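The values are calculated or read from the model by the stated rules, or taken from the named source; none is laboratory data. Being a predicted model, the structure only gives us computed values, none of them experimental. For neighbour counting, all protein chains shown are included, and Cβ atoms are generated from backbone atoms with ideal geometry for every residue, glycine included. Ligands, DNA and RNA are stripped out before the accessible areas are found, and what is left, the full protein with its side chains, is counted by its heavy atoms. Shrake-Rupley method; radii C 1.70, N 1.55, O 1.52, S 1.80 Å.
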Amino acid sequence: PQAVQVADRWHLMENASRAFLDAVRKSMRQIRGAIGATVVNPALLTAAEKLQYDGYLRREETNAAILALWQEGVPIKQIVRRTGHHRQTVRRIVRGERSDVFRPRQSSLEAHLPWLDAQWDAGDRNASALWRTMRRNGFRGSLRVVSEWATRRRRAEKADASSLARVPSARTIARLMTTGRDHLTKAETVTIAAIENGVPALVEAREIVADFHAMIRSRRAEPLASWIESASQSLVASLANGVRRDEAAVRAAILSVWSNGQTEGQITRLKLVKRQMYGRGKIDLLQARLIGAQ
């Protein structure tokens with residue numbers, strides 16, 4: 001009972017970043033209005049983006065039907081039964097967290113992006129030539145992937161009204177808003193400036209999250225109480241409420257030399273072992289693999 005609870009500092013940082021991402025997701029409609037992209041022009045989209053846009057239109061129909069039921073006072077459990085959608089999906093729609101037009105997906109180009117950026121900056125901008133070189137170096141993706149990447153790079157260098165008609169995903173906006181302006185393209189800078197001018201609540205949320213990160217990095221807990229009060233009135237109020245519930249553990253994580261990170265590391269190791277066994281394994285087998293057979 002006398003043990004001191006210490007929160008895991010890594011998870012505190014991660015939870016703060018995720019809270020800002022959720023704030024961006026809830027503000028997507030205001031963001032589209034701020035950058036003048038309430039209507040997407042399909043002629044400006046790549047083939048992959050057109051598929052995502054068609055999916056977005058289908059999602060919007062579902063969202064409208066569920067929101068109509070919610071506004072009539074139908075509880076979430078009944079909405080799930082009527083529509084057949086998962087409870088978590090219905091909750092996200094009700095909370096306004098499912099309005100992304102373009103959702104990021106893992107790309108086969110991830111490992112090759114530094115090389116591609118270097119070649120592009122050096123003036124080598126022929127997608128077919130870049131793809132042939134990458135194939136010789138072990139790239140297994142198609143020419144279409146590289147061609148669409150090159151198309152997006154060309155459009156990113158044109159900061160005009162047509163380039164802003166394509167609204168980035170919430171995750172991309174969150175990343176761009178927390179990246180230094182020196183590392184953004186001209187079009188990205190114009191887009192983020194328009195968002196900051198049109199949605200000042202997001203700027204406030206970004207500063208609040210940055211202050212929380214700074215407290216953890218500098219190991220200063222004095223501003224924590226005042227930070228909770230200011231964050232409670234912002235778009236990251238859920239983060240502030242969570243910190244308030246575990247304020248002692250969060251304060252200890254900031255000030256103490258100890259961390260719950262060792263425990264989290266062992267949990268990650270245990271999960272890895274179970275996944276290697278396809279999620280199966282009784283306690284005796286897990287003990288043998290983790291600690292060693294007795």
What distance in nm lies between label points placed 7 Å from Cα along the C-beta direction at Glu61 and Gln5? 4.7 nm
Enumerate the lysines that Lys186 could reach by cross-link, defined here as Cα to Cα under 19 Å, with residues fewer than 8 away along the same chain left out. Lys158
Given a 10 angstrom Cα cut-off, can you work out which residue in Ala34, Ala194, Ala64 is the most mobile in a GNM of the chain? Ala64
Name the longest site-free stretch of the chain, where the excluded sites are trypsin sites (Lys or Arg not before Pro) in a DSSP loop with no more than 15 other beta-carbon atoms within 10 Å. 1-94
A student asked for the Cα radius of gyration and Dmax of the chain in angstrom ought to give 23.2, 69
Please list, or write none, the lysines whose alpha carbon is within less than 22 Å of the alpha carbon of Lys274, excluding same-chain residues fewer than 8 places away. Lys282
State the extension gain, in nm to one decimal, for the chain segment bounded by Gln262 and Asp211, taking 0.36 nm per residue of separation less the distance between their alpha-carbons. 15.8 nm
Cα-projected label distance for Arg87 with Glu247, points at 7 Å along beta-carbon direction, nm: 3.2 nm
Please calculate the 1.4 Å probe accessible area of Met215, with all protein chains present, and give it to the nearest 10 Å². 10 Å²
May I ask you to give the percent of accessible area on the chain that is carbon plus sulfur, with a probe radius of 1.4 Å? 51 percent
Round to the nearest 0.05 the FRET efficiency obtained for Ser230 and Glu196 when R0 = 25 Å and r is the Cβ-Cβ distance. 0.85
Can you work out the accessible area per residue across the chain, with the rest of the protein chains kept in place, probe 1.4 Å, in square angstrom? 61 Å²
Taking a cut-off of 25 Å between Cα atoms, list the lysines near Lys26, but don't count ones fewer than 8 places away on the same chain. Lys50, Lys77
With R₀ set to 30 angstrom, the calculated FRET efficiency between the beta-carbons of Trp120 and Val203, to the nearest 0.05, is 0.45
Calculate how large, on average over all directions, the projected area of the Cα convex hull of region 133-272 is; give the answer in nm² to one decimal. 13.2 nm²
